[in-house]
Amino acid sequence: MRGVRVSVFAPVGTLDHQTGILNAVHCFASAGFEVDVFTIRNRHHQAPVFESSAVRLCFLPWTFDSEREPRTVVTLLFIAWILCTFWRSHPVIFAGGIRGLVAAYAYSLLRRTRIINYQTELYVGSKLDTRAAALFKALERRAAQRSVVTIEHTEERRSLLAEDLGVPVERIVIVPNAPVGLARRINSTFLHLRLGLSGSKRILLCPGTIGDEFEAPTVVKAAQALPPEWVCVLHSAQRRSADEPYLKRLRDMDRGSRVAWSLEPIPYGQIDELMGSARIGMALYSATVGENYSTVGLASGKLSHFLRVGVPVIVSPLPGLADFVVDHGIGEVLEDPHRLNEIIARIEANWHEYHARALRCFDAFLSYDQAFKPIITLIDQSEGRRV
């Protein structure tokens, strides 16, 4: 028995959809650690559920009721909460995202701890256009440099992160943004039942945030020429209202009624059923809104979740992401949205081959369990514990 407790600082209302943080909790608990997850409630999002008795959820005594929590307010409240409950000891902190990292750094100024920095976003470029953003960057740099290790998803993002934060490359561990466990085919009708679609309809699924940074207008425009037996589904990871001006503009673009809208989020435990109801998946990212998106590579949770259930993918022509898809024959690259039908026909002609390669690729290159083992070993060694 290890007898070591890990504190997970994750002050985000969307924790139930933060794959990397959820998987880390799973791996810690499976390895025999006690895990305390410190997070927040937001009425717009599902609260996470953990099956292991080794995991305890601790909520900030303040509930939010907004699509996106105010970052600065949440960070300050979370830090105050952590410091006011000073009777709690946090020998190891897994900091999920910049809010959690800044809170862990504040705690480390007063009490000894070891910080594991899970870097969920790259805050570079246009992200630093305000004084508040510059302050957060200064805190992020100090906090990352104080961390014993930082987790990133790809080689390219690791290089960017090392330069941006002044952290030695050897202290950055690569862990793919993928679900735990092995690949398995799911034959699901989840979206057909949810949206009242005919069972004969073939679904082109674009999940996640519906916005320009994920090429939502491109998806809607390209979908207008889909064959009659196909429907494009835009599924939102956040609760959205059909009356939102942005969604109204997208709906106005859907002149042929070729898009179905799934605007209510689902619990993370149902994500395989969601992804498995697609015939083909889409993982599109904009190249014009900063390096966090243009260098997404294997940081794409959509890509890994599609591959886990054997669904071929269509991706943006971005370095890293497109190269991975082409090299492993798991999908196609959308160079020209007007040629979407050609791409679909190409995948359909050899769907079973794409499907088989997707499953093999996930197990060979996106094994979260294997990639996370160095983090478990690091804690064991730093705490002087044995399995």
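Using the structure shown, decide if Ala138 is buried (at least 20 other Cβ atoms within 10 Å of the Cβ) and either of a type in the set (Phe, Trp, Tyr) or under 23 Å from Val12 (Cβ atoms) (or both). Taking the combined requirement at face value, the residue does not satisfy it.
Highlighted here are the helices (runs of 4 or more DSSP H) found entirely within the range 141-240 that include at least 1 residues which are farther than 24 Å from Gly20 by Cα and among the basic types (Lys, Arg): 190-195, 216-223.
Condition check ((1) at pLDDT below 90; (2) touching a strand residue (DSSP E or B) at 6+ places or on another chain (Cβ under 9 Å)) across all residues:
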position: Gly13; (1), (2): yes, yes
position: His44; (1), (2): yes, yes
position: Phe59; (1), (2): no, yes
position: Glu67; (1), (2): yes, yes
position: Gly100; (1), (2): no, yes
position: Ala106; (1), (2): no, no
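When you check Glu34 against the structure, is it more than 25 Å from Ser236 (Cβ to Cβ), surrounded by fewer than 22 Cβ atoms within 10 Å (Cβ to Cβ) and among the charged types (D, E, K, R), yes or no? Here the answer is yes, as Glu34 does meet what is asked.
Note on the range 241-281: residues that are more than 20 Å from the chain's Cα centre (by Cα), in a loop (DSSP other than H, G, I, E, B) and either closer than 26 Å to Arg185 by Cβ or not basic (Lys, Arg) (or both) amount to 8.
Residue by residue, here is whether (1) of a type in the set (Asp, Glu); (2) crowded, with 22+ Cβ neighbours inside 10 Å; (3) farther than 13 Å from Asp36 by Cβ holds:
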residue: Thr72; (1), (2), (3): no, no, yes
residue: Leu77; (1), (2), (3): no, no, yes
residue: Phe86; (1), (2), (3): no, no, yes
residue: Ser89; (1), (2), (3): no, no, no
residue: Arg99; (1), (2), (3): no, yes, yes
residue: Ala103; (1), (2), (3): no, yes, yes
residue: Ala106; (1), (2), (3): no, no, yes
residue: Leu109; (1), (2), (3): no, no, yes
residue: Arg112; (1), (2), (3): no, no, yes
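Tyr246 fulfils the conditions (1) out of contact with any Gly (no Cβ under 8 Å at 6 or more places or on another chain); (2) surrounded by fewer than 19 Cβ atoms within 10 Å (Cβ to Cβ); (3) in contact (Cβ under 8 Å) with a residue 12 or more places away in the chain except for a single criterion, (1).
In this structure, Arg360 does satisfy being in the same structural domain as Trp230 (by TED's automatic domain parsing), touching a residue at least 24 places away in the same chain (Cβ under 8 Å) and assigned to a helix (DSSP H, G or I). Within the range 360-373, the set of residues being over 20 Å from Gly310 (Cα atoms) and either at pLDDT 90 or above or among the charged types (D, E, K, R) (or both) comprises Phe372, Lys373.
Check Ser200 against each of (1) without any contact (Cβ under 8 Å) to a residue 40 or more places away in the chain; (2) surrounded by fewer than 19 Cβ atoms within 10 Å (Cβ to Cβ); (3) within 25 Å of Arg68 (Cα to Cα) and name the one condition it does not meet. Failing condition for Ser200: (3).
For the range 197-217, the criterion of being of a type in the set (D, E, K, R), out of contact with any strand residue (DSSP E or B) (no Cβ under 7 Å at 6 or more places or on another chain) and farther than 15 Å from Lys302 by Cβ is met by at least one residue. Scanning the range 363-387 for residues that are part of a helix (DSSP H, G or I) and small (Gly, Ala, Ser) turns up Ala364, Ala371, Ser382. For the structure I just gave you, tell me whether Glu170 is more than 30 Å from Leu226 (Cα to Cα), out of contact with any Pro (no Cβ under 7 Å at 6 or more places or on another chain), acidic (Asp, Glu) and without any contact (Cβ under 8 Å) to a residue 12 or more places away in the chain. Against the criterion (more than 30 Å from Leu226 (Cα to Cα), out of contact with any Pro (no Cβ under 7 Å at 6 or more places or on another chain), acidic (Asp, Glu) and without any contact (Cβ under 8 Å) to a residue 12 or more places away in the chain), Glu170 qualifies.
The criterion of being outside the structural domain of Ala104 (by TED's automatic domain parsing), more than 14 Å from Ile115 (Cα to Cα) and not hydroxyl-bearing (Ser, Thr, Tyr) holds for Arg185.
The values are calculated or read from the model by the stated rules, or taken from the named source; none is laboratory data. Since this is a predicted model, take the numbers as computed values, not measurements. Positions of Cβ are backbone-derived with ideal geometry, glycine not excepted, and every protein chain shown enters the neighbour counts.
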